[in-house]
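The values are calculated or read from the model by the stated rules, or taken from the named source; none is laboratory data. What you are looking at is a predicted structure, and each value in this text was computed from that prediction instead of being measured. Cβ atoms come from the backbone with ideal geometry, glycine included; neighbour counts cover every protein chain shown.
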Amino acid sequence: MPRASKRVCAVSGCPAMQADRLCPPHRAERERHQRQTTPTKRTRTWGEQKRRKAAVDRHRATVGNWCPGYQRPAHPAADLTADHIDEISLGGAPDGELQVCCRSCNSAKAGRRQASDLRKS
């Protein structure tokens, strides 16, 4: 089987050649950043998981399976998630208020905030 051809690191100004998209130091930097800023099920405590489930359960008891929408009108959705109103990575409190929306709207909100953060830097 032929080897993958080497290419320059995707980080601007880095001359390192490797088979992957990023050189080892830049890959480690990116992974460290992801671990610090992106909470995952693995890093959420049991208490935080229960708090998010309780927020979704309260929302369902009040309005049913309806997403309030993010930059679109409210719509029916069975896949509701709870997320911080003020993101922790942007200075919000870890025990801050949660909002409930569908997975699609939650992803759109996160993608929009990340894009606006990139424009600021």
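When the residues of segment 19-63 are filtered to those that are over 21 Å from Thr81 (Cβ atoms) and hydrophobic (A, V, I, L, M, F, W, C), the one that is modelled with the lowest pLDDT is Ala19.
Within segment 75-92, being surrounded by 13 or more Cβ atoms within 10 Å (Cβ to Cβ), under 13 Å from Asn106 (Cα atoms) and within 16 Å of the chain's Cα centre (by Cα) holds for Leu80, Thr81, Ala82, Asp83, His84, Glu87. Of all the criteria given as (1) over 17 Å from the mean Cα position of the chain (by Cα); (2) surrounded by fewer than 11 Cβ atoms within 10 Å (Cβ to Cβ), the one not satisfied by His59 is (2).
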